[in-house]
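For reference, the structure discussed in these notes is given below.
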Amino acid sequence: MSFIMKLQWFFKQRWPHYTIAISLMIIMNIMTVAPPKIIGNVIDQIRIGTLTASSLNLTVLFLLGLAVFVYTIFFSWLNLLFGSSILLEKQLRSRLLKHLVRMSPSFFQRNRTGELMALATNDITAISNTAGYGVLTLVSTIVGTSIVLVAMIMFVDIRLMLASLLPLPILVYAVNKIGKKMRRHFLAAQESFGHMNDHALESISGLRVLRAYVQEKKDIEAFDNVTLSVMHKNLRVAFINSLFQPVISTIVGLSYAIGIGYGSYLVFHNQISLGQLFTFNIYLGLLIWPMISFGEFINILQRGNASLDRIEHILVQQPEVQDGEQLIPVSQPTSIEMKKLSFRYPGTTTDSLQDISFRIHQGDTLGIVGRTGSGKSTLLKQLLRQYPIETDKLRISDIPIEQISLNQVLQWTGYVPQEHLLLSKTILENIKIGKPNATIDEIKQVVEAACFTMDIEQMKLGWDTLIGESGVMLSGGQKQRTAIARALLVDPEILILDDVLSAVDAKTESRIIRNIRQLRRGKTTLIATHRLSAVSHATWIIVLEQGQIVEEGTHEQLLLLDGWYKEQYNHQQLEAAILNEGKEPTND
């Protein structure tokens, strides 16, 4: 019942299909009790010598017609029932993915990728089986058993029926005990499958590192241990599953023994006819499938319930950042302001940002610099609303960001992170992700701005070059420029560049920055970088140290402060001069 309650949204949606399918199954079960009675009558007619050729022909034709009719009904309910279960599988996968894309980063810290993959594959398949094959076995158990029992009472003898069903309570008890064990071990097997997925993903994504440190053999051994655990747990599930059939077969055998023994006694004492005993044995055979169905139903229900609980555990988790109750419409992000904003990652005990304050206007460029780990990326992520922050500490257009639609903020924002997510598609498809209907001229413009045109022209297939998973076919600089071109194509109101020029040389960086400035006149840009030349043009620059602003101002103002910024700038200029001298041709 709990399974039905949890999926009531689906059963309400598909109730006409399930009603028709179950009705047809009932009709089919009613039809199946007719042939045993007819065959029993024929046997009695043979015994007393009243069977004629014409009546036998009519009986055979009737049975053939009944078989065709039952086949048609069987085909119809099978399509309705399993068509609905396949639809449930599709809707659950869509619902799960829709839920996952809404979740914040902390959710994926709590839930492993391999576990989520197991939910989207094995668990949803188990739920689908319960909504299809599970319904079939349930109806077969209830309806099939009821109809056959009524037929036994009407056409044979109630005493014989009751005697044959004496072992039934043993069946109920045994199947219930086995079903509970099945649920427990199936959950353990599903969890181990998630661990195996995690290991496989890490091994594939980190293959270069494994090879670089010659750790392939150890990783294979570790994976063998994981798969061995999965195998043992699934073998345990298979072992428990294999107990259903012997238990059912043993009890059915007992029922047969009682039926034949007691039935023969009743025939000898002329209380039932030989044809009735034959009919009863066929009915008893018809009870085999409902009994098997009962075991199968418990088995499938336990698996489906376990998987549905795992899915529900994920679906009930809500994103930590959601739209507020009273949203204020804002047409343009005319300003961005932080007012003593402090931030701490969930699960940590120290602040990553402390009392951050600045204000920029539309069209400005904000440069964010500082040592590694100073909080540059963390500051930028506040605009992406990935984590909850203090109320009224971050404002856009003088409106607290909590009172602006989350979707609106994300539509304004273009983000190029340090780790670029590139899909296993062509270069053109990766660039067009944010704007699928972009024209070739628009794409050429942003590719030129990212200084990527020459690289593409040197590739054999040009735009149509497949870059492999995570852009494995591209160099670090090419990945960065692909991501920059993708963000520029969307032309967002707010562009966030998080150390995206670290893999290109200083000359290329200078050209890209110059192109970005030309393309984004009148729009806001935030740049976090280690290379200070990338932000020397910025309207305002802040220097972070352990999550706090220690210096701020324009490039010229910061050079006058004789602080970290000036020291780092002079160091980088000297380094660049030495490198340029080393590239000059010699006459030796």
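Tabulated data for the structure shown
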| read-out | value |
| --- | --- |
| Any hit, segment 173-193, residues being assigned to a helix (DSSP H, G or I), among the β-branched types (Val, Ile, Thr) and either in contact with a helix residue (DSSP H, G or I) (Cβ under 6 Å, 6 or more places away or on another chain) or touching a residue at least 40 places away in the same chain (Cβ under 8 Å) (or both) | yes |
| Residue satisfying all of: in segment 352-392; surrounded by fewer than 16 Cβ atoms within 10 Å (Cβ to Cβ) and among the basic types (Lys, Arg); nearest to the chain's Cα centre (by Cα) among these | 371 |
| Considering residues of segment 1-26 that are surrounded by 15 or more Cβ atoms within 10 Å (Cβ to Cβ) and of a type in the set (A, V, I, L, M) only, the residue nearest to the chain's Cα centre (by Cα) | 7 |
| Residue count for segment 400-417, restricted to those that are in contact (Cβ under 8 Å) with a residue 24 or more places away in the chain and crowded, with 16+ Cβ neighbours inside 10 Å | 12 |
| Pairs with Cβ under 6 Å, 6+ apart, first in segment 66-83 and closer than 17 Å to residue 36 by Cα, second assigned to a helix (DSSP H, G or I) | 70/28; 70/31 |
| Positions within segment 162-183 being charged (D, E, K, R), loosely packed, with under 14 Cβ neighbours inside 10 Å and modelled with pLDDT of 80 or more, in sequence order | 177 |
| Those residues of segment 538-563 which are farther than 16 Å from residue 357 by Cα and surrounded by fewer than 17 Cβ atoms within 10 Å (Cβ to Cβ), in sequence order | 556, 557, 559, 560, 561, 562, 563 |
| Test set (1) of a type in the set (Val, Ile, Thr); (2) without any contact (Cβ under 8 Å) to a residue 24 or more places away in the chain; (3) surrounded by 14 or more Cβ atoms within 10 Å (Cβ to Cβ) - residue 349 fails condition number | (3) |
| Answer from 213, 265, 256 - the residue that is modelled with pLDDT of 80 or more and of a type outside the set (Val, Ile, Thr) | 265 |
| Matching residues, segment 372-422, being within 16 Å of residue 104 (Cβ to Cβ) and of a type in the set (D, E, K, R) | 381, 385, 402 |
| Some residue of segment 567-575 being at pLDDT 85 or above, out of contact with any Phe, Trp or Tyr (no Cβ under 7 Å at 6 or more places or on another chain), part of a helix (DSSP H, G or I) and aliphatic (A, V, I, L, M) | no |
| Residue among 159, 102 that is over 32 Å from the mean Cα position of the chain (by Cα), surrounded by fewer than 17 Cβ atoms within 10 Å (Cβ to Cβ) and touching a residue at least 24 places away in the same chain (Cβ under 8 Å) | 159 |
| Unmet requirement for residue 273, which otherwise passes all of (1) more than 25 Å from residue 143 (Cα to Cα); (2) among the small types (Gly, Ala, Ser); (3) surrounded by fewer than 16 Cβ atoms within 10 Å (Cβ to Cβ) | (3) |
| Unmet requirement for residue 504, which otherwise passes all of (1) surrounded by 15 or more Cβ atoms within 10 Å (Cβ to Cβ); (2) β-branched (Val, Ile, Thr); (3) at pLDDT 85 or above | (3) |
| Out of 87, 96, 119, sole residue that is surrounded by 20 or more Cβ atoms within 10 Å (Cβ to Cβ), under 20 Å from the mean Cα position of the chain (by Cα), in contact (Cβ under 8 Å) with a residue 60 or more places away in the chain and in a helix (DSSP H, G or I) | 119 |
| Which listed residue is touching a Phe, Trp or Tyr at 6+ places or on another chain (Cβ under 9 Å), touching a residue at least 60 places away in the same chain (Cβ under 8 Å), over 17 Å from residue 29 (Cα atoms) and in a helix (DSSP H, G or I), from 131, 151 | 131 |
| Within segment 191-227, tally of residues that are more than 17 Å from the chain's Cα centre (by Cα), among the charged types (D, E, K, R) and closer than 30 Å to residue 308 by Cβ | 1 |
| Restricting segment 44-71 to residues that are hydroxyl-bearing (Ser, Thr, Tyr) and surrounded by 11 or more Cβ atoms within 10 Å (Cβ to Cβ), the residue that is nearest to residue 139 (Cα to Cα) | 71 |
| Lone unmet requirement of (1) within 24 Å of residue 26 (Cβ to Cβ); (2) of a type outside the set (Ser, Thr, Tyr); (3) more than 42 Å from the chain's Cα centre (by Cα); (4) modelled with pLDDT of 85 or more for residue 82 | (3) |
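Conditions (1) in a helix (DSSP H, G or I); (2) in contact with a Ser or Thr (Cβ under 6 Å, 6 or more places away or on another chain); (3) in contact (Cβ under 8 Å) with a residue 40 or more places away in the chain, marked per residue:
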position: 163; (1), (2), (3): yes, no, yes
position: 170; (1), (2), (3): yes, no, yes
position: 222; (1), (2), (3): yes, no, no
position: 233; (1), (2), (3): yes, yes, yes
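Here's the yes/no breakdown for (1) under 25 Å from residue 517 (Cα atoms); (2) at pLDDT below 90:
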{"position": "327", "(1), (2)": "no, yes"}
{"position": "334", "(1), (2)": "yes, no"}
{"position": "355", "(1), (2)": "no, no"}
{"position": "369", "(1), (2)": "yes, no"}
{"position": "396", "(1), (2)": "yes, no"}
{"position": "421", "(1), (2)": "yes, yes"}
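The values are calculated or read from the model by the stated rules, or taken from the named source; none is laboratory data. In this text the structure is predicted, and so the values were computed from the model without any measurement. Note that we place each Cβ from the backbone using ideal geometry, even for glycine, and neighbour counts take in every protein chain shown.
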